[in-house]
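S.K.: Take this structure first; my questions come after.
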Amino acid sequence: MDDQPGLSDQYRMASPWPPFVAFGIPLAELGILFDVFVVAVAGLLLFCGSLTGMIREAGYVETVWRPLAVFAVLLFVVGGVFTFSDVNLVTRGYAIITAGGILAFAGISGELFVPKREPI
């Protein structure tokens, strides 16, 4: 008799991404709120990278490179709004744009230089 009927050893029971998403959101918010450049960039990278991992793990995309580029575009837009608004949020906008630039670099580099895997 099996302790857990219907479950197989080949499937993972839990995803590693939710704790990283849960840690990335407040880290990014604290960095943006208190204008700490490095913390804001690190939090945004952790949050967007973890979401990309979740999307890949769920099977919605084949690679992580294009979702990273999409998140980069979203961060460019939000950072541009912060940077060019009348309120004094320029350094916060620069932090968001920097995180978007890093994600764009990773997405473009991965798409161009990482070899494609053949389906099994």
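The values are calculated or read from the model by the stated rules, or taken from the named source; none is laboratory data. The structure displayed is predicted, hence computed values, not measured ones. Every residue, glycine as well, gets a Cβ built from its backbone with ideal geometry; the counts of neighbours run over all protein chains shown.
S.K.: For the stretch 76-98, give me each residue that is of a type in the set (A, V, I, L, M, F, W, C), assigned to a helix (DSSP H, G or I), within 16 Å of L33 (Cα to Cα) and in contact with a helix residue (DSSP H, G or I) (Cβ under 7 Å, 6 or more places away or on another chain).
M.R.: Result: V78, F82, V90, A95, I96, I97.
S.K.: Still on this model: Output the residues belonging to the stretch 22-44 that are surrounded by fewer than 17 Cβ atoms within 10 Å (Cβ to Cβ), touching a residue at least 12 places away in the same chain (Cβ under 8 Å) and either assigned to a helix (DSSP H, G or I) or within 13 Å of the chain's Cα centre (by Cα) (or both).
M.R.: F23, I25, P26, E29, L30, F37, listed by residue number.
S.K.: Scan the stretch 45-75 for residues that are among the β-branched types (V, I, T), more than 19 Å from A95 (Cβ to Cβ) and assigned to a helix (DSSP H, G or I) and report the count.
M.R.: The total comes to 3.
S.K.: On to the next question. For A106, indicate whether it is crowded, with 17+ Cβ neighbours inside 10 Å, in contact with a Lys or Arg (Cβ under 8 Å, 6 or more places away or on another chain), on the phi < 0 side of the Ramachandran plot and modelled with pLDDT of 95 or more.
M.R.: So A106 does not fit the description; no.
S.K.: Based on what the data block shows, is T91 touching an Asp or Glu at 6+ places or on another chain (Cβ under 8 Å) and more than 21 Å from P18 (Cα to Cα)?
M.R.: Against the criterion (touching an Asp or Glu at 6+ places or on another chain (Cβ under 8 Å) and more than 21 Å from P18 (Cα to Cα)), T91 qualifies.
S.K.: Something else now. Which ones in the stretch 82-103 are modelled with pLDDT under 95 and aliphatic (A, V, I, L, M)?
M.R.: V87, L89, V90
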